Amino acid sequence: MAKFIKDDKQPTGTGTIKSVTISKEMAAEVSNKITIPMYFYNVILPQMGSYYDNYPVDFDQKIVVCCPLHDEDTPSCRYYESTNSFYCFGCQKGGDVVQLHRYFAEKMNGTMPDRDEAIAFLYNYFIKGRESESFIQVTQIAQEKLNTDKDIVKFNFYRYNLEQSISFDNTLKQEIKEQLWSLLDNIDLLLSLDKIKAVEAEKLLKDKVKELITFDSNIKKIKYKGD
Ligand SMILES: [Zn+2]
C-alpha cells in the first residue's frame, strides 16, 4: 500500500487511499505539530453531538475527558501532554494522535484506516489544508460534512452584515424584514444540521434579498453598516 520515500519530495496529494505516499517528514510533522487536544477540538467534538454536554472538553482545565471511543458517563480518558498521547482507563485504548484517529475513524466509519492512511488524513486536515483533494479522498469523515469551518465563518460574516442591515434599515417594511428573518432562521437550522452548503445558503439569501427589494420599490439597496 503506502510507501515511505527518503527524499523530501512533497506529497502530490492526488492519490486515492491506495496510492497515498507518506514521507518521513510528513509523519514527523504530524506527530510534532498535531496535539491530542487539536484532534479533539477539530475532529471529535464536531461529530459527537451532545455527548460532551455534561463534561465539556477543555484540556487547559482538565486532562481527563469522556472517552470518544466508548460510551461512558464519567471521564476516564487521560491526555498526557509530555508524550502527546492518550490512554482510556475504561476501554484500555491508547496511543498517539495517529492511533487516536485510527480508533475514532473506525468508530465512525466501521473500518480502521491503516497507519499511513491515518497520517495522510491528519497531514491533509491539519497541515496542508482541509480543502485539498486528497483530504476528501482519504476519509469518509470529511465527506459526511458539507461545510468546512472556513465556509461557516465566511457565511456567518455575510449573515451578520445582512441581519444588521435588515434590522437597522428604517426604509425596509416590517413584513419584508420578517420574511428575511424567517429565512435566516430556516437557513441557520439547515446549517446547524449540515443539510445545506454555506455557499448555497448565501446565494439563497442574496437572491431573496434581490427579489424582495425589487418587490418593494421604496428600497433602493440594502446598506451594509459593518460595525
Ligand atoms: Zn474508552
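Where a number appears in this text, it was derived from the coordinates with a stated rule and is not lab data. Note that the structure is predicted; figures quoted are calculated from it, not measured. In this analysis, Cβ positions are derived from the backbone assuming ideal geometry, glycine residues included, and neighbour counts consider all displayed protein chains.
Things worth noting here:
- Relative to its Kirkwood radius, the Cα radius of gyration of region 45-84 gives an Rg/Rh of 0.95.
- Packing rank of 87-93, 118-124, 36-42, 70-76, where each peptide gets the mean count of other beta carbons within 10 Å, highest leading: 118-124, 36-42, 87-93, 70-76
- Approximating the spin labels as points 7 Å out from Cα along Cα→Cβ, the ASP60-to-TYR158 distance works out to 3.2 nm.
- Ranking of VAL65, VAL199, VAL209 by count of other Cβ atoms within 10 Å, fewest first: VAL199, VAL209, VAL65
- Sorted by Cβ neighbour density within 10 Å, fewest at the top, the residues CYS67, CYS77: CYS67, CYS77
- Full extension of the chain between ASN109 and TYR41 yields a length gain of 22.6 nm, computed as 0.36 nm times the residue separation minus the alpha carbon distance.
- Computed FRET value (nearest 0.05) for SER182 with LYS24, which takes r as the C-beta separation and R₀ as 41 Å: 0.15
- Inverting the pair-averaged 1/r between distinct Cα atoms of region 149-215 gives 12.2 Å as its Kirkwood hydrodynamic radius.
- Modelled this way, with points 7 Å down the Cα-to-C-beta line, the labels at TYR87 and THR171 are 6.9 nm from one another.
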